[in-house]
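These notes concern the structure reproduced below.
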There are 2 protein chains.
Amino acid sequence: MNAEIIAIGSELLTPFRQDTNSLYLTEKLNDLGVDVIFKTIVGDNRERLTEAATQAISRADIVIFSGGLGPTEDDLTRECVAQALGLELRRDPKIVSALEERFAARGWKMSPNNAKQADVIAGATILPNPSGTASGQWIAGKYDGGEKIIILLPGPPHEMRAVFDPDCMERLRAKVPPTFIATRVLKITGIGESHCDARVAPIYQKYPEIQTTILAGAGEIQLHLKTQATNLEDAQRRADQLVEQIEAELGDLVFSDNGDSLEQIVGYYLQMRGATVAVAESCTGGLLAERITSVSGSSRYFLGGAVVYSNAMKTAFADVPAVLIAEHGAVSGAVACALADGIRKRCGSTFGVGVTGVAGPTGGTAEKPVGLVFHALASESGVDVVERNFPGDRNRIRQFASQQALDMLRTKLM
Amino acid sequence: MNAEIIAIGSELLTPFRQDTNSLYLTEKLNDLGVDVIFKTIVGDNRERLTEAATQAISRADIVIFSGGLGPTEDDLTRECVAQALGLELRRDPKIVSALEERFAARGWKMSPNNAKQADVIAGATILPNPSGTASGQWIAGKYDGGEKIIILLPGPPHEMRAVFDPDCMERLRAKVPPTFIATRVLKITGIGESHCDARVAPIYQKYPEIQTTILAGAGEIQLHLKTQATNLEDAQRRADQLVEQIEAELGDLVFSDNGDSLEQIVGYYLQMRGATVAVAESCTGGLLAERITSVSGSSRYFLGGAVVYSNAMKTAFADVPAVLIAEHGAVSGAVACALADGIRKRCGSTFGVGVTGVAGPTGGTAEKPVGLVFHALASESGVDVVERNFPGDRNRIRQFASQQALDMLRTKLM
């Protein structure tokens, strides 16, 4: 079976807002073995919305609408879908009372336009909205020559999920032929996208029944694998087989095969080893500490960090000798090592990380260009340093550098 | 005139990828006074793409396709658009030679499938692609009963822009009736979305010819204003008038009327006053320093930061007396003040900022729940502290707290 998702709202046709509901719904539909064949975005316009609804009902088995269920004149989804289906709208007195009660409970009188939210397409099942006033609706039957399922959902993402998850997944599962889907995500670092693809393409191409998607960010590649079969074991076995072969090819470049972020993985390892870390960062400006502490519970292994932009602070917070900075320059392997070792001793942590570089766009020289970053990792056994030249803008260079520093810690802990 | 944007690619119908080209194109079209009435996303499927193209050509004046211009079997845009228009595809020998040369220059032999990229719809103008092998195409004429403009663009965003900007904007401007558009963006902090809207809606509703969009994030509201007129002065005057009235209503809650971020504004003020800042942050974990240093040139006013998760580090890096922590707890106004004052003295900066709180999801108590954050700002004249209870998850609470801290600095500097 296939589906079309229609997002409704004139704000979704501006440069500032994007429909994100369809990503969530696509994932859920895919889990049921349903492919999404079209996504349409249409404004709050009666004629165009009716046209889009009519087309979608003619070409897809399942049509999901999100948005346009509010109380204002602009909210047209109920009436346009009813028109596209050739069905009546009926005002449901029970919903009207529930709306009135909801307003009364807050000490407000309901304005008459709100009653519009009680309009139900003939034959539709009402899908209660625990997070708002706009109920969803479910219609299943023979329309336009085929069995169709039509779902109306509210537009705000938390309301959409609050209606879809409890009320639509099981209903859909009962209607959709049973398929079992296995998905795996591999996260990879320390290799570029084209090199990675050159190594893994010959492997995944041997599995045409597994859909493989490569996504690349600054210093991180994700391989999304997905396959379906008529029983879960087969699907899972096939996906696991491919994962195993890719992991054998890439080895330790794969840092996660269950969706965890690099900072989470580093956190697991640190906890497992009963180790702690402290960081002294210059060009990443707090990003490294921010990523480590974005993980809940990181206070168990993260002792502290110093953002040492000025040379004086490098000395004051991480005991980098002023003479070392004078001799090698603030952006140097020697200073990165001194930062890592200094912050480790200062904080009494198992590991110390030091990062110094040129994030740009200004401050680069012929000798030390924008993108040059030194990363150091200090432990009881000594200090390692890695020099890299990252491409991209300030933001991307900082992202790359934080990724490299985290990966040094991961590799050390493995 | 109006437009429809069609994004082509099966990967855009997965949960992992989103069409972003349409946001860019919408902004450019809006600048020309062209409204986008539909966005459609369709996979690499001959029948569905032809259907989408046929519909779009029938209902919009301008139809822009992005994607599906590559050399593989999946790249179908050229042939499907030709079919929808009832036109022939002709292989252009000049493009074939150019492609062959491009490959030869890299020492490669062109594989035959690449020649497909030289197929041109009869009557189309070729739009060269300086960033890749897929040329764009421009077709203008009478189709489906009206004057239409049809544009084919490559899918990768940097290629799409490299083709659209030089080759389509001027051509479109020549075809579209002249309209002048004025846009303004106001950024606001220190007030919630509904309170903000309650204060400004009565003002912007007096200007129905200005389109007002409100976007709300954690601790920041943006008001996007846009209006069009037949001369630029009129459009600009109208938008400026509304901006003036909103600024009069909201006063210092508006921190930017030209698109600058809060960290940029704080940076301007610090430089203007010849002042410097240092930060000591606990629950924000480096985010505050990261935001300040995300601004290029911030090394001129940002001296350093300490991420002090453990109590020992609060004492070691910001000289917070251990007895103060024991007495008030690490999450307290007293400790926030001591962090701000301590880091200021330690770094010798004009201002010191201290943040301590419970970012959650764990670590909350009845007395100090998740979301409770103390923000302090120290200067020569003393220390101010603000206590807030933020809603949301760990990420959102950290975002709110960094915004509050930056805003205290902004207000102090004004």
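The values are calculated or read from the model by the stated rules, or taken from the named source; none is laboratory data. Computed from a predicted model, the values in this text were never measured in an experiment. Cβ sites come from the backbone with ideal geometry, for glycine too, and all protein chains shown count toward neighbours.
Computed values, structure above
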{"read-out": "Any pair with Cβ under 7 angstrom, 6 or more apart, that starts in region B:349-364 at a residue that is more than 10 Å from chain A (Cβ to nearest Cβ) and more than 17 Å from B:Pro391 (Cα to Cα) and ends at one that is among the basic types (Lys, Arg) and not in a loop (DSSP other than H, G, I, E, B)", "value": "B:Phe351/B:Arg344; B:Gly352/B:Arg344"}
{"read-out": "Residue that is part of a helix (DSSP H, G or I), within 25 Å of the chain's Cα centre (by Cα) and either surrounded by 15 or more Cβ atoms within 10 Å (Cβ to Cβ) or not assigned by TED's automatic domain parsing to the domain that holds A:Lys187 (or both), where the choices are A:Gly285, A:Gly267", "value": "A:Gly267"}
{"read-out": "Residue in region A:38-49 that is assigned to a helix (DSSP H, G or I), among the β-branched types (Val, Ile, Thr) and at pLDDT 95 or above present", "value": "no"}
{"read-out": "Tally of residues being surrounded by 24 or more Cβ atoms within 10 Å (Cβ to Cβ) and either in a helix (DSSP H, G or I) or more than 9 Å from chain A (Cβ to nearest Cβ) (or both) across region B:303-317", "value": "3"}
{"read-out": "Restricting region A:364-410 to residues that are hydroxyl-bearing (Ser, Thr, Tyr) and touching a strand residue (DSSP E or B) at 6+ places or on another chain (Cβ under 9 Å), the residue that is surrounded by the most Cβ atoms within 10 Å (Cβ to Cβ)", "value": "A:Ser402"}
{"read-out": "Residue that is farthest from B:Gly123 (Cα to Cα), among those in region B:72-86 that are crowded, with 18+ Cβ neighbours inside 10 Å and not polar (S, T, N, Q)", "value": "B:Asp75"}
{"read-out": "Residue match in region B:55-66 (condition: out of contact with any strand residue (DSSP E or B) (no Cβ under 6 Å at 6 or more places or on another chain), crowded, with 17+ Cβ neighbours inside 10 Å, more than 10 Å from chain A (Cβ to nearest Cβ) and within 30 Å of A:Thr213 (Cβ to Cβ))", "value": "no"}
{"read-out": "Failed item in (1) within 24 Å of the chain's Cα centre (by Cα); (2) crowded, with 19+ Cβ neighbours inside 10 Å; (3) at negative phi, with A:Pro166 passing the rest", "value": "(2)"}
{"read-out": "Cβ pairs under 6 Å, 6+ apart, first in region B:286-302 and more than 7 Å from chain A (Cβ to nearest Cβ) and closer than 17 Å to B:Gln271 by Cα, second among the polar types (S, T, N, Q) and not in a loop (DSSP other than H, G, I, E, B)", "value": "B:Arg291/B:Ser402; B:Ile292/B:Ser298; B:Val295/B:Gln264; B:Tyr301/B:Gln271"}
{"read-out": "Condition broken by A:Val370, with the remaining ones in (1) within 12 Å of another protein chain (Cβ to nearest Cβ); (2) under 17 Å from A:Leu409 (Cα atoms); (3) without any contact (Cβ under 8 Å) to a residue 60 or more places away in the chain satisfied", "value": "(2)"}
{"read-out": "Region A:7-24 - residue that is out of contact with any Leu (no Cβ under 8 Å at 6 or more places or on another chain) and either over 21 Å from B:Val34 (Cβ atoms) or of a type in the set (Asp, Glu) (or both) and, of those, surrounded by the most Cβ atoms within 10 Å (Cβ to Cβ)", "value": "A:Ser22"}
{"read-out": "In region A:238-271, the residues that are among the aliphatic types (A, V, I, L, M) and touching a residue at least 24 places away in the same chain (Cβ under 8 Å)", "value": "A:Ala239, A:Leu242, A:Val243, A:Ile246, A:Leu250, A:Leu253, A:Val254, A:Leu262, A:Ile265, A:Val266, A:Leu270"}
{"read-out": "Answer residue from region A:84-137, given it is touching a residue at least 60 places away in the same chain (Cβ under 8 Å) and outside any loop (DSSP other than H, G, I, E, B) and is farthest from A:Ser58 (Cα to Cα) among those", "value": "A:Gly136"}
{"read-out": "From B:Ala336, B:Ala318, residue being of a type in the set (A, V, I, L, M, F, W, C) and in contact with a His (Cβ under 7 Å, 6 or more places away or on another chain)", "value": "B:Ala336"}
{"read-out": "Residue in region A:328-342 that is within 14 Å of chain B (Cβ to nearest Cβ), of a type in the set (Val, Ile, Thr) and assigned to a loop (DSSP other than H, G, I, E, B) present", "value": "yes"}
{"read-out": "Region B:170-196 residues that are in the same structural domain as B:Arg238 (by TED's automatic domain parsing), paired with ones that are surrounded by 14 or more Cβ atoms within 10 Å (Cβ to Cβ) and among the aromatic types (Phe, Trp, Tyr) (beta carbon under 6 Å, 6 or more apart)", "value": "B:Lys187/B:Phe255; B:Thr189/B:Phe255"}
{"read-out": "Scan of region A:186-210 for residues that are among the β-branched types (Val, Ile, Thr), outside any helix (DSSP H, G or I) and more than 25 Å from A:Leu406 (Cα to Cα), ordered by number", "value": "A:Ile210"}
{"read-out": "Subset of region A:38-54 [at the interface with chain B (Cβ under 7 Å from one of its Cβ atoms) and of a type in the set (A, V, I, L, M, F, W, C)]", "value": "A:Phe38, A:Ile41, A:Val42"}
{"read-out": "Qualifying positions in region B:198-228 - surrounded by fewer than 16 Cβ atoms within 10 Å (Cβ to Cβ) and within 21 Å of the chain's Cα centre (by Cα)", "value": "B:Ala216, B:Gly217"}
{"read-out": "Unmet requirement for A:Cys337, which otherwise passes all of (1) without any contact (Cβ under 8 Å) to a residue 40 or more places away in the chain; (2) over 19 Å from B:Ala306 (Cβ atoms); (3) out of contact with any Ser or Thr (no Cβ under 7 Å at 6 or more places or on another chain)", "value": "(1)"}
{"read-out": "Flag for A:Val185 being at pLDDT 85 or above, under 25 Å from B:Gln18 (Cβ atoms) and in contact with a His (Cβ under 7 Å, 6 or more places away or on another chain)", "value": "yes"}
{"read-out": "Qualifying residue in region B:154-161 (condition: part of a loop (DSSP other than H, G, I, E, B), at pLDDT below 90 and over 30 Å from B:Asp234 (Cβ atoms))", "value": "no"}
{"read-out": "Every residue from region B:355-414 that is of a type in the set (Gly, Ala, Ser) and closer than 21 Å to A:Ser299 by Cβ", "value": "B:Gly357, B:Ala359, B:Gly360, B:Gly363, B:Gly364, B:Ala366, B:Gly371, B:Ala376, B:Gly392, B:Ala401, B:Ser402, B:Ala405"}
{"read-out": "Complete set of residues in region A:1-37 that are in a helix (DSSP H, G or I), at the interface with chain B (Cβ under 9 Å from one of its Cβ atoms) and among the acidic types (Asp, Glu)", "value": "A:Glu11, A:Glu27"}
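Table: residues versus (1) within 14 Å of chain B (Cβ to nearest Cβ); (2) touching a Ser or Thr at 6+ places or on another chain (Cβ under 7 Å); (3) closer than 19 Å to A:Asp31 by Cα; (4) not in a strand (DSSP E or B).
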residue	(1), (2), (3), (4)
A:Thr212	yes, no, yes, no
A:Leu223	yes, yes, yes, no
A:Lys226	yes, yes, yes, no
A:Glu233	no, no, yes, yes
A:Gln236	no, no, yes, yes
A:Ala239	no, yes, yes, yes
A:Glu244	no, no, no, yes
A:Glu249	no, no, no, yes
